[in-house]
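> Below: one structure in structure tokens.
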Amino acid sequence: MPTSRTLEEGLALARHRVASTLVEATRRDIFPHAAPSATGVWEGTRAGVWTSGFWAGLLWQEFALSGRADDARAAEAWTLRLTPHLDRKTHDIGFVFASSAVLGWELGQSEACRDLALSAADRLAAMAHTAAGVIPVGSQAEVAAGLDDVTIDCMVNLPLLWWAWKVTGEERFLRVAVSHADRTAEWHVKEDGRIIQSVHFDPETGERTREETHQGSGTQGCWTRGQAWGVYGFAAAYRATRHERYLEVADRAATYFFRRAGADLVPFYCFDAPAIPEVRRDSSAAAIVSAGLLILAEHAEDPALRQRSRDRAEALLSALVRGYLTPQGERDRRPSGMLLHSCYNRRAGWDTDHEIVWGNYFLLESLRVWARRH
Ligand code: GLY
């Protein structure tokens, strides 16, 4: 039975969860990655993984709300601790540093974070495959199927390049990002807005060869979070470039998401899972889509599209805040502010019914943006 709480109350709970996570992460000296929905006890590692930038980014977001120097110090320390990830051969360095070091500069004016983010952008841009005009997943990506694999997830690595172009004025960042976004729109996004997770290409010619899903069901299922990365990634591409073609893709992908999400709005992990409704949901996908829609609501020029995007984002946020944030009922003893029921990788059996740190990140981003407008 969903609660009747407001989005303001949801924001307070999400912030409370950042505070309780900081206590736990500091005591256990781990980057929090995921916590079972049943317990709320964080699992994580000292060195961090591809999701760890979202933890530092949650702290930067908290600093933006609180203005407290202590929060900035903690956020900067966790961000700089990610420096060894620069050497990983994976497109995920975009996730790692766009969500942490970029915010460190944008929200905290940390020069150390700015330098770290620029180093990461250099490395990400250098991963581009010239013939294909895309950034493939790389040899050390956490989910991948070969060096010829390019995934929709990478659209949310591009904000690192959009940002590097903005702060340096260097066109090479823009060229790589525009080429990747254009190819992704062409290769991954169907006419009805449905997005396929992975496309392979011929390394000699750069031509598209085949498509598949790694995290959806079967070989072709529409993986919900991939759909969400697409909405967010193209919305961010539009914000950075003002190219209408990216706005159109983001809106089309969001329309597909809403058409298939069902009455609950928080979707199952794959739109095409044959066992629906007896499968895991992925609340993080709803949080990512709401954050993408709020970019459109803020930056699109067409008033109707702005309004539609805002209404859709609010509907998703209400569903999350009422039905998926703890506490769910008076007897709920789990930590407050957990975003329940995200699914990392159903096929691999990783964190299939968990609170996952990127879900919290995009929920807090959405609620912060929403609160600025109210
Ligand atoms: N690879 C990013 C994700 O699991 O969403």
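Values quoted throughout were computed directly from the atomic coordinates according to the rules given, and no laboratory measurement underlies them. Being a predicted model, the structure only gives us computed values, none of them experimental. Methodologically, a virtual Cβ is constructed for each residue, glycine included, from the backbone with ideal geometry; neighbour enumeration extends over all protein chains shown.
> Enter the Cα centre distance for the pair the range 300-374 and the range 217-247, rounded to the nearest angstrom.
For the range 300-374 versus the range 217-247, the Cα centre distance is 18 Å.
> If you don't mind, another one. Could you give the spread of the C-alpha atoms of the range 38-77 along their three principal axes, from largest to smallest, in whole angstroms?
31, 24, 13
> Let me ask something else about it. Using the C-alpha atoms of the range 100-191, what convex hull volume per residue, in cubic angstrom, is computed?
Hull volume normalised by residue count: 106 Å³.
> Could you check the spin-label model distance between residue 26 and residue 5? Points 7 Å from the Cα along Cα→Cβ, value in nm.
If labels sit at residue 26 and residue 5, their model points lie 2.3 nm apart.
> How many nm is it between the label spots at residue 219 and residue 301, if each spot is 7 Å from the Cα in line with the beta carbon?
Label-label distance for residue 219 and residue 301, simple model: 4.4 nm.
> What is the ratio of the Cα radius of gyration of the range 1-113 to 2.2 N^0.38 Å, with N the residue count, to two decimals?
Ratio of Rg to 2.2 N^0.38 Å for the range 1-113: 1.09.
> Also, quick follow-up: Can you classify the range 306-374 as rounded, prolate or oblate using the Cα gyration tensor, where a ≥ b ≥ c are the square roots of its eigenvalues, rounded means a/c under 1.5, and otherwise it's prolate if a/b beats b/c and oblate if not?
oblate
> Ok, one more. Based on the inverse mean of 1/r over its pairs of different Cα atoms, what is the Kirkwood hydrodynamic radius of the range 79-233, in Å?
One over the average 1/r among Cα pairs gives 15.6 Å for the range 79-233.
> Could you give the length gained by full extension between residue 131 and residue 212, i.e. 0.36 nm per residue of separation minus their alpha carbon distance, to one decimal place?
27.1 nm
> Any idea what the relative contact order of the chain is, in percent, if you count C-alpha pairs under 8 Å spaced at least 6 apart?
Across the chain, relative contact order equals 18 percent.
> Identify the GluC sites (Glu not before Pro) of the range 311-374 meeting these criteria: DSSP loop state and at most 13 other C-beta atoms within 10 Å of the C-beta.
Sites meeting the loop and neighbour criteria: 330.
> Counting other beta carbons within 10 Å of each Cβ, put 116, 65 in order, fewest first.
Fewest-to-most Cβ neighbours within 10 Å comes out as 65, 116.
> Hey, if you drop one equal point scatterer on each alpha-carbon of the range 64-122 and run the Debye formula without solvent, what base-10 log of I(q)/I(0) do you get at q = 0.12, 0.22, 0.24 Å⁻¹?
Result of the Debye calculation: -0.25, -0.77, -0.89.
> On to the next question. Once you keep just the Cα pairs under 8 angstrom separated by 6 or more residues, what percentage relative contact order results for the range 213-317?
Relative contact order here is 29 percent.
> Using 0.36 nm per residue, how much length does the chain from residue 19 to residue 244 gain when fully extended, once their Cα-Cα distance is taken away?
Contour length minus Cα-Cα distance gives 77.1 nm.
> Under a plain spin-label model, where a point goes 7 Å from the Cα along Cα-to-Cβ, how far apart in nm are residue 47 and residue 168?
Modelled inter-label distance: 2.7 nm.
> Using the number of other C-beta atoms within 10 angstrom as an exposure proxy, rank 127, 155 with the fewest first.
127, 155
> Please report the projected area of the chain's Cα convex hull averaged over all directions, in nm².
Here the figure is 16.9 nm², rounded to one decimal.
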